[in-house]
Structure formats: C-alpha cells, structure tokens
Amino acid sequence: AQSVAQPEDQVNVAEGNPLTVKCTYSVSGNPYLFWYVQYPNRGLQFLLKYITGDNLVKGSYGFEAEFNKSQTSFHLKKPSALVSDSALYFCAVRDIAGANNLFFGTGTRLTVIP
Amino acid sequence: ETGVTQSPTHLIKTRGQQVTLRCSSQSGHNTVSWYQQALGQGPQFIFQYYREEENGRGNFPPRFSGLQFPNYSSELNVNALELDDSALYLCASSLDGTRGYTFGSGTRLTVV
C-alpha cells in the first residue's frame, strides 16, 4: 500500500530564511511523489512532482524538493521564504497499483513571519 | 486552456437529503477524480472516472456515486447525507491519470 507521512503539523519560519517541509513515503515499487499547496478556501495547486531522474526537483514559485531513496523522504524546500508562502502544504504519492489516484498526507501549515 | 471548474462553491443541506456536485474537467483531460477533504485533514480519494466508467474507488460507502459524461465533465452524488459528510469536495482532472492532476477550487458542503 502507498502512503505518505508529514510529521509536522505546523512549521514557522522567518521571512528570508530557508524553509523545509518534511515528507516521508512508503510504497511498493518506484514512488511517484507530488507536492501541492492550498490557500484558504481554495483548491490544491500543483508545485512539483518526482517521477524519475534527478533527485532534486524544481517546481513552481521557487520551490524544490529532494528525493532521498535511502531515507524514503521527499522534503520540500525553498532557499528564501516569503510571507506569501504561508499556506497549507500537502505531500502525495500516486497509487500505481490502483487507479493512479493520489494518497495525501495530513498537511503541514507553513507560517512565514515578517 | 481552461482549468477545472466546480459548482456550486458552497452548499448547505439537511441531514438525510441528497446532493449533486458538478465538475468540468480541464480541456483535453479524460480522467476525473473526486476527493473529500474534511476540516484539518488531507484529501481522501472517493472515486475516479475514465471515459465514462468508474475505474477506481476509495473507502466510501455506496451512497457516494458518480457519473462522467461524454464531454468528460462529472457529477458526484451523495444520498442520505450525514453530518460527517460536511467537507470540501475537490474534483481533479488529468490525462489518463498518468500525469499531473489539476484540481478545482472545490465545493464546500455543510450538512446541518
């Protein structure tokens, strides 16, 4: 079975500092991993995905994620946080054994402090 | 290129009633998935339609049903509404389910 875990419910970071939002995964086979962001009362916006290839994936709005197979992690990162990055972030893995639907983590609320 | 649009944006229903939510998929996408996002939770997969056929279902009871139309738009129907059905319902479309998913802004359903 596929699953992801986001160990932190809340992450606070000062504006201009680097940010990391953590995600670990459990899959049988090769993982297809995604990060989405959700702003209040909105749907999910795609940030980036890892399918295969380079372990460092670059995405939208300056975000990137590092795939680490030995640690089964896919942490989201940004070198310099903006106040506008404050939102709810979800890690997800694709169910390649089923309908290719996504299994989401419980989400991490990121607050960037001015 | 249009994105995924959902209607209505908000809805209030009484326990025991039935509700229909609608989704127009992104142009060129033939796969539609529905997710339920309860307050403070991550989205949970309800079911998926590919070319008008259900091709996957999550752990939801049969009173959650759906349709996909020839233009790939979709409906989610929920019968005998319960208070716990209160949630944000998200629709996502993709091309064959093998690439990225585009999500709509969701329908906020409140059951009272």
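Annotations for the structure displayed:
- Restricting the first member to region A:1-28 and to residues that are over 13 Å from A:Arg109 (Cα atoms), and the second to residues that are surrounded by fewer than 14 Cβ atoms within 10 Å (Cβ to Cβ) and of a type outside the set (Gly, Ala, Ser), the beta-carbon pairs closer than 7 Å and six or more apart or on different chains are A:Ala14/A:Ile113; A:Glu15/A:Val83; A:Glu15/A:Ile113; A:Glu15/A:Pro114; A:Pro18/A:Pro79.
- Residues of region A:1-22 that are among the charged types (D, E, K, R) and over 15 Å from the mean Cα position of the chain (by Cα): A:Glu15 alone.
Yes or no, residue by residue, for (1) closer than 25 Å to A:Gly98 by Cα; (2) modelled with pLDDT of 95 or more; (3) surrounded by 15 or more Cβ atoms within 10 Å (Cβ to Cβ); (4) at the interface with chain A (Cβ under 9 Å from one of its Cβ atoms):
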{"position": "B:Ile12", "(1), (2), (3), (4)": "no, yes, no, no"}
{"position": "B:Arg15", "(1), (2), (3), (4)": "no, yes, no, no"}
{"position": "B:Val32", "(1), (2), (3), (4)": "yes, no, yes, no"}
{"position": "B:Tyr35", "(1), (2), (3), (4)": "yes, yes, yes, yes"}
{"position": "B:Leu39", "(1), (2), (3), (4)": "no, no, no, no"}
{"position": "B:Gln48", "(1), (2), (3), (4)": "yes, no, yes, yes"}
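- Here is the figure for region A:52-75: residues that are exposed (fewer than 15 other Cβ atoms within 10 Å of the Cβ) and not basic (Lys, Arg) total 11.
- In region A:64-81 there is no residue matching the filter, namely being within 10 Å of chain B (Cβ to nearest Cβ) and on the phi < 0 side of the Ramachandran plot.
- Here A:Asn41 does not qualify as among the polar types (S, T, N, Q) and more than 13 Å from every other protein chain (Cβ to nearest Cβ).
- If the condition is being buried (at least 21 other Cβ atoms within 10 Å of the Cβ) and of a type in the set (Ser, Thr, Tyr), then region A:89-107 contributes only A:Tyr89.
- Once region A:97-111 is narrowed to residues that are of a type outside the set (S, T, N, Q) and facing chain B (nearest Cβ under 9 Å), the residue that is farthest from B:Gly100 (Cα to Cα) is A:Gly107.
- Of the strands (runs of 3 or more DSSP E) entirely within region B:43-108, those holding at least 1 residues that are of a type in the set (Gly, Ala, Ser) and under 12 Å from the mean Cα position of the chain (by Cα) occupy B:64-68, B:74-78, B:87-94.
- Some residue of region B:52-62 being over 23 Å from A:Arg42 (Cβ atoms), more than 14 Å from every other protein chain (Cβ to nearest Cβ) and in contact (Cβ under 8 Å) with a residue 40 or more places away in the chain: no
The values are calculated or read from the model by the stated rules, or taken from the named source; none is laboratory data. From a predicted model like this one, the values you see are computed outputs, not experimental measurements. For neighbour counting, all protein chains shown are included, and Cβ atoms are generated from backbone atoms with ideal geometry for every residue, glycine included.
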